[in-house]
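For reference, the structure is listed below as structure tokens.
Here, each number is a calculation from the coordinates, and none is a lab measurement. Predicted model, so just to flag it, every value in this text is computed and none were measured. Every residue, glycine among them, receives a Cβ derived from its backbone with ideal geometry; neighbour counts consider all protein chains shown.
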Amino acid sequence: MVECLILASREPMLLVTIMHLLSVSGITRKDERGFELKDISFTQEKFEKIAIAGQTGSGKSTLLKIIAGLAESQSGIVHFEQKKILGPADKLIPGHPGIVYLSQHFELPNNLRVEQVLEYANLLSDEAGATLYEVCQIDHLLKRRTNQLSGGEKQRIALAKLLITSPRLLLLDEPFSNTDMVHKKLLKRVISDISSKLKISCIMVSHDPLDSLSWADKILVMKDGQVIQQGTPQALYRQPASEYTAGLFGNYTLLNAAAGKTLIGDGDASTGKSGKKLLIRPEDIIISTTSNAGAEATVKEILYYGGYYEVELAMGKSRVTARTIDNTVSKGDNVYLSLASADRWYL
């Protein structure tokens with residue numbers, strides 16, 4: 001889709017054309033179960049990495065299929081490289097040659113060598129193909145048969161099979177579901193290299209907040225078929241528009257006005273947020289054993305997560321979660337809490 005801006009100055013007006021890689025405008029769809037996508041709009045620039053986050057059933061996968069041209073919308077339009085994406089109703093073979101979609105339920109032909117599977121779709125030179133196999137970390141698997149592969153190896157080969165057609169946009173639907181930690185780490189590196197080394201733009205659906213926050217340039221948050229917030233990972237984590245968004249991206253505490261004032265201190269001018277609650281992430285809390293170093297609290301629980309501890313605390317009638325790398329307190333201790341940053345966010 002093409003957007004135009006008119007720049008006014010003392011000189012004659014200038015018409016500036018803005019061309020997005022992908023433009024999704026006013027997409028709606030209602031299925032036989034009554035679920036509905038409602039007026040979804042966003043744009044993607046070339047090489048921009050977009051993550052779509054939301055609870056199961058929020059419409060993420062359906063939206064991805066509409067973008068790929070594999071499902072029909074009832075209204076709205078998708079433009080890719082300034083051309084309309086046609087749905088199954090308008091195209092005999094659904095899809096777009098510049099866009100590939102990796103489903104959660106990918107399949108490979110049985111009992112073929114990996115190199116045979118890839119040869120059928122190969123549009124690359126030998127050198128470019130070798131680079132792709134290296135990026136997907138399958139160059140050592142080419143002589144193996146597909147029935148000799150692990151689930152993680154099959155997934156990377158299915159990914160290479162799509163990328164060997166030289167697409168410009170890759171759509172990934174929950175690529176990390178049903179993977180162990182070892183393969184997940186490997187696949188995250190592969191997906192990162194696809195963006196940086198192969199220069200392919202990506203949109204990824206994932207239910208794990210750490211996958212989205214650490215990878216995306218922009219995140220769309222979906223709930224009940226709508227995009228309710230979009231922005232950078234930093235903005236969505238630190239300034240969520242709702243408890244729903246806050247909860248998608250990690251642990252948090254909401255304190256009412258009285259509890260927030262106790263934690264911040266009477267002298268802080270930002271406590272005057274009538275009717276709103278103070279949002280605190282676990283890493284925002286500093287725990288001290290020094291008397292009068294903040295608001296009084298009692299340690300209720302200490303949970304160990306390997307690289308850090310989460311400490312559950314009772315501060316009056318409020319429960320607060322703090323995160324610390326080096327834990328120095330024990331269950332039942334009386335401690336004092338303060339905030340690590342002067343930044344405040346209220347819901």
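If R0 equals 35 Å, the separation of the Cβ atoms of Gln82 and Tyr305 corresponds to a calculated FRET efficiency of about 0.15. Find out how many positive minus negative residues lie around Ile52, taking Lys and Arg as positive, Asp and Glu as negative, among other residues whose Cβ is under 11 Å from that of Ile52. That sum, taken over residues with Cβ under 11 Å, equals 0. The stretch between Ser338 and Lys143, if pulled fully straight at 0.36 nm per residue, gains 64.3 nm over its current Cα-Cα span. Please check which bits of the range 151-177 a label hung off Leu112 would reach, taking the label as a point 7 Å along Cα-to-C-beta and the cut-off as backbone N under 13 Å. Within reach of a label on Leu112: 158, 161-162. Working ranking of peptides 321-333, 246-258 by packing, defined as the average number of other Cβ atoms within 10 Å per residue, highest first, is 246-258, 321-333.
A protection proxy built from the mean count of other Cβ atoms within 10 Å ranks the segments 45-53, 233-241, most packed first, as 45-53, 233-241.
The trypsin sites (Lys or Arg not before Pro) of the range 171-221 meeting both criteria, a DSSP state outside H, G, I, E and B (loop) and at most 15 other C-beta atoms within 10 angstrom of the site's C-beta, are Lys197, Lys199.
Volume of the convex hull of the range 41-197 (Cα atoms only), normalised per residue: 134 Å³. Loop-located GluC sites (Glu not before Pro) across the range 60-153 with a Cβ neighbour count of 13 or fewer within 10 Å are Glu107, with loop assigned by DSSP.
With a Förster radius of 25 Å applied to the beta-carbon distance between Asn292 and Asn256, the computed FRET efficiency rounds to 0.60.
When the alpha carbon gyration tensor of the range 104-257 is reduced to an equivalent ellipsoid, its three semi-axes come out at 35, 16, 13 angstrom, largest first. Comparing Tyr252, Thr289, Leu236 along the charge dipole axis of the range 158-299, the residue lying farthest to the positive side is Leu236, per the Cβ-charge model. Using only alpha-carbon positions in the range 253-339, the gyration tensor eigenvalues give semi-axes of 22, 13, 11 Å once each is multiplied by 5 and square-rooted (largest first).
Applying the criteria of a DSSP loop state and at most 12 other Cβ atoms within 10 Å to the chymotrypsin sites (Phe, Trp or Tyr not before Pro) of the range 73-121 yields Tyr120. For the range 137-155 versus the range 68-128, the spacing of their alpha-carbon centroids is 21 Å. One quarter of the convex hull surface built on the alpha carbon atoms of the chain amounts to 25.0 nm², the projected area averaged over directions. Calculated mean residue ellipticity, 222 nm, the chain: -6500 deg cm²/dmol, from DSSP H runs (n ≥ 4) at -39500 (n - 2.57) each, averaged per residue and rounded to 500. Could you work out how far apart the two model spin labels at Glu127 and Asp217 are, taking each label as a point 7 Å from the Cα in the direction of the beta carbon, and quote it in nm? It is 2.7 nm. Among the listed pairs Lys83/Lys218; Lys60/Lys331; Lys30/Lys184, those whose Cα-Cα separation exceeds 30 Å are Lys60/Lys331; Lys30/Lys184.
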